[in-house]
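Written below as structure tokens is the structure these notes are about.
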Amino acid sequence: MLRLIVSALTVVVALFAFQARALACATLRATGRLDTFACSCAEGLENPITVATGTALVGNGRATPTLASLIVELQAKKNGIGVFQAVARQMISADGTDYPPPRSVATCKGPVTAGPVAGRIQLVDKDEKPLTFDDVKNIGDGITPINFVATFAGLIPELKPGSRARLKIYTTAVNTDQPHTCSIDADGDGSLDSAVKTLIFQTVVRVPTTAFLITP
Ligand SMILES: [Ca+2]
């Protein structure tokens, strides 16, 4: 069932203009937006779908780092007050992206798990063409934009229409030349990796008040 939703969304999402902005300076940041979709079709498809599209900008000097994982986390304030808290996550690594099955990746902040709603992350280029993880994992010189489309299929009650949510993006790369790295098995191959850096970007986004209707 998820496969059907995702293939429907691939078409819908492809219609969106992507904003892979070049940066005048070397500030690292993420941009993003949320869109919601609803389906008035067969049973079991009533659940809303939330799509987070955005760009993580990863900087690199002289090293040749390899991306180990990218995590897209949705955060919301419980009952609209207090601090932002994680409500759902998707991730992509060499091990894949679909959730379920259960999925977790190692970061310098500790292990992070996907869920609780189903979904995946699709990486795309600046022309919105799909990219594989292998296409993206070798980080070049300068600022590298990583464009992602993260799909969350299922009700996330904390995401109230019209409220503010937060997109938190984690990128973990090995062999970086950045300060304060950690040593973990970042790519999950069973051996310890050195010079691992987890960069975290976050940006506040508006939860749309209107959902797009999908008719597969
Ligand atoms: Ca490893």
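A short reminder: the numbers here are calculations on the coordinates, not readings from a lab. Note that the structure is a prediction, hence the values are computed from the model and not measured. All Cβ positions, even for glycine, are placed from backbone atoms using ideal geometry, and neighbour counts span all protein chains on display.
A few points about this structure:
- Kirkwood analysis of the stretch 79-216, using all unique Cα-Cα pairs, places the hydrodynamic radius at 16.8 Å.
- Per-residue Karplus couplings for the stretch 175-192, computed as 6.51 cos²θ - 1.76 cosθ + 1.60 with θ equal to phi - 60°, are listed in order as 6, 8, 10, 8, x, 6, 8, 10, 10, 9, 8, 5, 9, x, 8, x, 10, 5 Hz, Gly and Pro entered as x.
- Trypsin sites (Lys or Arg not before Pro) restricted to DSSP loop in the stretch 61-119 with at most 14 other C-beta within 10 Å: Arg62, Lys109
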